[in-house]
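The values are calculated or read from the model by the stated rules, or taken from the named source; none is laboratory data. Values in this document were obtained by computation on a predicted structure and should not be read as measured data. Here Cβ is always computed from backbone atoms with ideal geometry, including for glycine, and neighbour counts include all displayed protein chains. We work out accessible area using only protein heavy atoms, side chains counted, and drop any ligands, DNA or RNA first. Shrake-Rupley method; radii C 1.70, N 1.55, O 1.52, S 1.80 Å.
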Amino acid sequence: MENPRSFDFEAGEVLLMDKPLTWTSFDVVRKVKNTLRIKKIGHAGTLDPLATGLLIMCTGKKTKEIDLIQAQEKEYTGTFRLGQTTPSFDLETPVDAELPYAHLTDDEIRAATAQFVGLITQTPPLFSAVKVNGERAYEVARRGGEAEIKSKQVTIREFELTRIELPEVDFRVTCSKGTYIRSLARDLGAALGCGAHLTKLVRTRIGEYRVEDALTMEAVEAMRPPRPEGETERPRRQRQPRPERRAGLEYYSANQTDTAPSSAAPDATE
(Lines give C-alpha, C1' and ligand atoms only; values in the text may rest on other atoms or scores of the structure.)
Protein backbone atom coordinates (compact mmCIF):
# COMPACT_ATOMS: atom_id res chain seq x y z
CA MET A 1 0.00 0.00 0.00
CA GLU A 2 1.18 3.48 -0.81
CA ASN A 3 2.41 5.93 1.78
CA PRO A 4 -0.68 7.76 3.14
CA ARG A 5 0.85 11.08 2.11
CA SER A 6 0.36 10.03 -1.55
CA PHE A 7 -3.35 9.53 -0.95
CA ASP A 8 -5.93 12.22 -1.53
CA PHE A 9 -8.60 11.20 0.94
CA GLU A 10 -10.72 14.28 0.21
CA ALA A 11 -10.76 13.63 -3.54
CA GLY A 12 -11.58 10.04 -2.71
CA GLU A 13 -9.94 6.67 -2.10
CA VAL A 14 -11.17 3.09 -1.87
CA LEU A 15 -9.52 1.37 1.10
CA LEU A 16 -9.63 -2.39 1.58
CA MET A 17 -9.53 -3.55 5.20
CA ASP A 18 -9.28 -7.00 6.79
CA LYS A 19 -11.78 -6.71 9.65
CA PRO A 20 -10.62 -8.31 12.92
CA LEU A 21 -12.73 -10.77 14.86
CA THR A 22 -15.24 -9.18 17.33
CA TRP A 23 -14.82 -5.68 15.88
CA THR A 24 -17.96 -4.06 14.53
CA SER A 25 -17.70 -2.51 11.08
CA PHE A 26 -18.14 0.89 12.74
CA ASP A 27 -15.17 0.14 15.03
CA VAL A 28 -12.98 -0.25 11.94
CA VAL A 29 -14.30 2.90 10.27
CA ARG A 30 -13.70 4.94 13.42
CA LYS A 31 -10.19 3.57 13.92
CA VAL A 32 -9.17 4.24 10.31
CA LYS A 33 -10.76 7.69 10.34
CA ASN A 34 -8.94 8.73 13.51
CA THR A 35 -5.60 7.13 12.65
CA LEU A 36 -5.33 8.51 9.10
CA ARG A 37 -7.16 11.78 9.90
CA ILE A 38 -9.82 11.29 7.27
CA LYS A 39 -12.71 13.75 7.34
CA LYS A 40 -15.31 11.82 5.34
CA ILE A 41 -15.43 8.01 5.27
CA GLY A 42 -18.00 5.23 5.05
CA HIS A 43 -18.05 1.48 4.53
CA ALA A 44 -19.59 -0.56 1.72
CA GLY A 45 -21.28 -3.56 3.30
CA THR A 46 -21.47 -4.41 7.01
CA LEU A 47 -19.81 -7.48 8.49
CA ASP A 48 -21.09 -9.08 11.70
CA PRO A 49 -18.75 -8.78 14.72
CA LEU A 50 -18.00 -12.52 14.57
CA ALA A 51 -17.09 -12.33 10.87
CA THR A 52 -13.68 -11.36 9.53
CA GLY A 53 -12.37 -10.46 6.11
CA LEU A 54 -12.91 -7.83 3.48
CA LEU A 55 -14.46 -4.54 4.56
CA ILE A 56 -14.34 -1.82 1.91
CA MET A 57 -14.22 1.83 2.92
CA CYS A 58 -14.63 4.85 0.69
CA THR A 59 -13.38 8.34 1.51
CA GLY A 60 -14.19 11.81 0.26
CA LYS A 61 -15.96 11.92 -3.09
CA LYS A 62 -15.59 8.16 -3.47
CA THR A 63 -18.33 7.74 -0.84
CA LYS A 64 -20.74 8.29 -3.75
CA GLU A 65 -19.66 4.84 -5.02
CA ILE A 66 -20.62 2.97 -1.83
CA ASP A 67 -23.98 1.77 -3.18
CA LEU A 68 -22.35 0.52 -6.40
CA ILE A 69 -19.72 -1.44 -4.46
CA GLN A 70 -22.29 -2.86 -2.04
CA ALA A 71 -24.36 -4.16 -4.95
CA GLN A 72 -21.55 -6.35 -6.29
CA GLU A 73 -21.33 -10.11 -5.78
CA LYS A 74 -19.82 -11.31 -2.49
CA GLU A 75 -17.76 -14.41 -1.74
CA TYR A 76 -17.50 -16.02 1.70
CA THR A 77 -15.75 -19.00 3.23
CA GLY A 78 -16.34 -20.46 6.66
CA THR A 79 -17.60 -23.33 8.80
CA PHE A 80 -21.01 -24.67 9.80
CA ARG A 81 -21.45 -26.84 12.89
CA LEU A 82 -24.12 -29.49 12.32
CA GLY A 83 -26.24 -30.97 15.10
CA GLN A 84 -26.70 -27.79 17.13
CA THR A 85 -28.80 -24.64 16.77
CA THR A 86 -28.52 -21.23 18.43
CA PRO A 87 -30.99 -18.30 18.47
CA SER A 88 -28.53 -16.07 16.58
CA PHE A 89 -27.52 -18.85 14.14
CA ASP A 90 -23.88 -18.30 15.19
CA LEU A 91 -21.69 -18.25 18.34
CA GLU A 92 -23.15 -15.05 19.79
CA THR A 93 -25.79 -17.01 21.74
CA PRO A 94 -25.76 -20.40 23.51
CA VAL A 95 -26.88 -23.66 21.93
CA ASP A 96 -30.64 -24.10 22.38
CA ALA A 97 -31.13 -27.51 20.74
CA GLU A 98 -29.07 -30.59 19.83
CA LEU A 99 -30.02 -33.18 17.22
CA PRO A 100 -28.29 -36.32 15.86
CA TYR A 101 -26.09 -35.84 12.81
CA ALA A 102 -23.69 -38.84 12.75
CA HIS A 103 -26.00 -40.83 10.42
CA LEU A 104 -25.54 -38.30 7.59
CA THR A 105 -23.27 -39.27 4.69
CA ASP A 106 -21.05 -36.88 2.75
CA ASP A 107 -23.20 -37.40 -0.34
CA GLU A 108 -26.39 -36.52 1.55
CA ILE A 109 -24.85 -33.35 2.93
CA ARG A 110 -23.52 -32.26 -0.47
CA ALA A 111 -26.83 -33.05 -2.18
CA ALA A 112 -28.71 -30.84 0.30
CA THR A 113 -26.82 -27.74 -0.86
CA ALA A 114 -28.36 -27.88 -4.36
CA GLN A 115 -31.70 -26.48 -3.19
CA PHE A 116 -29.96 -23.29 -2.04
CA VAL A 117 -28.34 -22.45 -5.39
CA GLY A 118 -30.02 -19.89 -7.64
CA LEU A 119 -32.76 -17.41 -6.74
CA ILE A 120 -34.00 -18.42 -3.29
CA THR A 121 -36.23 -17.02 -0.57
CA GLN A 122 -34.41 -16.36 2.69
CA THR A 123 -35.48 -15.01 6.08
CA PRO A 124 -32.84 -12.84 7.82
CA PRO A 125 -31.92 -13.71 11.43
CA LEU A 126 -33.66 -11.93 14.29
CA PHE A 127 -30.13 -11.07 15.45
CA SER A 128 -29.53 -8.79 12.46
CA ALA A 129 -29.59 -5.12 11.50
CA VAL A 130 -32.91 -5.49 9.66
CA LYS A 131 -35.35 -2.82 10.81
CA VAL A 132 -38.64 -3.86 12.39
CA ASN A 133 -41.05 -1.01 13.15
CA GLY A 134 -38.16 1.45 13.03
CA GLU A 135 -35.94 -0.57 15.38
CA ARG A 136 -33.00 -2.84 14.60
CA ALA A 137 -34.02 -6.47 14.96
CA TYR A 138 -30.96 -7.32 17.06
CA GLU A 139 -32.00 -4.72 19.64
CA VAL A 140 -35.32 -6.51 20.02
CA ALA A 141 -33.60 -9.91 20.18
CA ARG A 142 -31.02 -8.92 22.80
CA ARG A 143 -33.68 -7.83 25.23
CA GLY A 144 -35.52 -11.12 24.72
CA GLY A 145 -38.25 -9.86 22.43
CA GLU A 146 -39.76 -11.35 19.29
CA ALA A 147 -40.25 -9.72 15.90
CA GLU A 148 -41.61 -10.83 12.56
CA ILE A 149 -38.82 -10.73 9.96
CA LYS A 150 -39.97 -10.60 6.36
CA SER A 151 -38.44 -13.04 3.90
CA LYS A 152 -36.71 -11.76 0.76
CA GLN A 153 -35.22 -13.13 -2.41
CA VAL A 154 -31.46 -13.44 -2.80
CA THR A 155 -29.25 -15.18 -5.33
CA ILE A 156 -26.63 -17.79 -4.45
CA ARG A 157 -24.50 -18.52 -7.51
CA GLU A 158 -22.20 -21.08 -5.88
CA PHE A 159 -22.47 -23.16 -2.70
CA GLU A 160 -19.49 -25.49 -2.43
CA LEU A 161 -18.57 -27.72 0.51
CA THR A 162 -14.77 -27.82 0.79
CA ARG A 163 -14.43 -30.07 3.85
CA ILE A 164 -16.73 -32.44 5.70
CA GLU A 165 -15.49 -33.66 9.08
CA LEU A 166 -18.62 -34.05 11.14
CA PRO A 167 -19.89 -32.19 12.96
CA GLU A 168 -18.03 -29.48 11.00
CA VAL A 169 -18.59 -28.55 7.37
CA ASP A 170 -16.45 -25.96 5.56
CA PHE A 171 -17.98 -24.03 2.67
CA ARG A 172 -17.45 -21.42 -0.02
CA VAL A 173 -20.40 -19.30 -1.15
CA THR A 174 -20.75 -16.64 -3.84
CA CYS A 175 -23.95 -14.64 -3.49
CA SER A 176 -25.82 -11.41 -4.04
CA LYS A 177 -26.11 -8.42 -1.78
CA GLY A 178 -28.35 -9.04 1.22
CA THR A 179 -27.58 -12.75 1.65
CA TYR A 180 -27.22 -13.89 5.26
CA ILE A 181 -24.77 -16.77 5.62
CA ARG A 182 -26.08 -17.38 9.15
CA SER A 183 -29.53 -17.96 7.64
CA LEU A 184 -27.97 -20.34 5.13
CA ALA A 185 -26.52 -22.31 8.06
CA ARG A 186 -29.95 -22.52 9.69
CA ASP A 187 -31.65 -23.54 6.44
CA LEU A 188 -29.07 -26.21 5.55
CA GLY A 189 -29.39 -27.65 9.05
CA ALA A 190 -33.17 -27.73 8.69
CA ALA A 191 -32.93 -29.44 5.30
CA LEU A 192 -30.66 -32.10 6.80
CA GLY A 193 -32.94 -32.51 9.83
CA CYS A 194 -30.11 -31.96 12.30
CA GLY A 195 -29.88 -28.20 12.77
CA ALA A 196 -26.73 -26.14 12.25
CA HIS A 197 -25.12 -22.83 13.12
CA LEU A 198 -22.26 -20.72 11.80
CA THR A 199 -18.95 -20.94 13.68
CA LYS A 200 -16.62 -19.11 11.28
CA LEU A 201 -17.11 -16.60 8.46
CA VAL A 202 -14.61 -14.79 6.25
CA ARG A 203 -15.61 -12.42 3.44
CA THR A 204 -13.01 -13.04 0.77
CA ARG A 205 -14.27 -10.93 -2.13
CA ILE A 206 -16.61 -8.12 -3.17
CA GLY A 207 -16.74 -7.82 -6.95
CA GLU A 208 -13.10 -7.68 -8.05
CA TYR A 209 -11.84 -6.53 -4.64
CA ARG A 210 -10.12 -9.31 -2.67
CA VAL A 211 -9.16 -9.76 0.96
CA GLU A 212 -5.60 -10.69 -0.09
CA ASP A 213 -5.12 -7.03 -1.03
CA ALA A 214 -6.58 -5.66 2.22
CA LEU A 215 -4.80 -3.78 4.99
CA THR A 216 -4.62 -5.09 8.53
CA MET A 217 -5.26 -2.76 11.45
CA GLU A 218 -1.54 -2.96 12.29
CA ALA A 219 -0.72 -1.74 8.79
CA VAL A 220 -3.07 1.21 9.20
CA GLU A 221 -1.42 2.11 12.50
CA ALA A 222 1.97 2.05 10.75
CA MET A 223 0.58 4.51 8.17
CA ARG A 224 -0.34 7.11 10.81
CA PRO A 225 0.74 10.47 9.36
CA PRO A 226 3.07 12.78 11.30
CA ARG A 227 1.53 15.54 13.35
CA PRO A 228 1.16 18.73 11.25
CA GLU A 229 4.00 21.20 11.76
CA GLY A 230 3.29 23.63 14.55
CA GLU A 231 0.57 21.49 16.09
CA THR A 232 1.34 20.51 19.64
CA GLU A 233 0.05 17.39 21.27
CA ARG A 234 -2.83 18.14 23.58
CA PRO A 235 -2.75 16.41 26.96
CA ARG A 236 -5.23 13.60 27.11
CA ARG A 237 -7.95 13.67 29.68
CA GLN A 238 -7.93 10.84 32.15
CA ARG A 239 -10.97 8.74 31.50
CA GLN A 240 -12.58 6.18 33.69
CA PRO A 241 -12.28 2.68 32.23
CA ARG A 242 -15.43 1.52 30.53
CA PRO A 243 -16.47 -1.87 29.24
CA GLU A 244 -15.81 -2.50 25.58
CA ARG A 245 -18.89 -2.43 23.38
CA ARG A 246 -18.88 -5.48 21.22
CA ALA A 247 -22.45 -5.56 19.94
CA GLY A 248 -23.90 -7.96 22.49
CA LEU A 249 -21.07 -10.47 22.47
CA GLU A 250 -21.14 -11.11 26.21
CA TYR A 251 -21.86 -14.82 25.81
CA TYR A 252 -19.22 -15.28 23.12
CA SER A 253 -16.58 -13.39 25.11
CA ALA A 254 -17.33 -15.32 28.30
CA ASN A 255 -16.84 -18.64 26.51
CA GLN A 256 -13.69 -17.88 24.54
CA THR A 257 -10.16 -18.23 25.81
CA ASP A 258 -8.78 -16.53 22.70
CA THR A 259 -10.75 -13.32 22.44
CA ALA A 260 -9.76 -10.15 20.64
CA PRO A 261 -6.42 -8.61 21.66
CA SER A 262 -6.32 -5.40 23.66
CA SER A 263 -5.24 -3.55 20.52
CA ALA A 264 -8.76 -4.16 19.23
CA ALA A 265 -10.14 -1.41 21.45
CA PRO A 266 -11.38 1.57 19.42
CA ASP A 267 -9.06 4.56 19.18
CA ALA A 268 -9.21 6.73 22.30
CA THR A 269 -9.79 9.85 20.20
CA GLU A 270 -13.36 9.12 19.21
Query raised in the report: Counting other Cβ atoms within 10 Å, which GluC sites (Glu not before Pro) in the stretch 1-67 have at most 13 and lie in a DSSP loop?
Result: 2, 10
Query - Environment charge of residue 131, counting only residues whose C-beta is closer than 11 Å and scoring Lys/Arg +1, Asp/Glu -1 - result: 0
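For every other residue with a beta carbon closer than 11 angstrom to the beta carbon of residue 200, add +1 if it is Lys or Arg and -1 if Asp or Glu, then tell me the sum.
Working: positive: 81; negative: 90, 168, 170.
Taking every Cβ under 11 Å from that of residue 200, the sum is -2.
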**Report entry** Most to least accessible of 158, 250, 208 (protein chains only, probe 1.4 Å)
**Finding:** 208, 250, 158
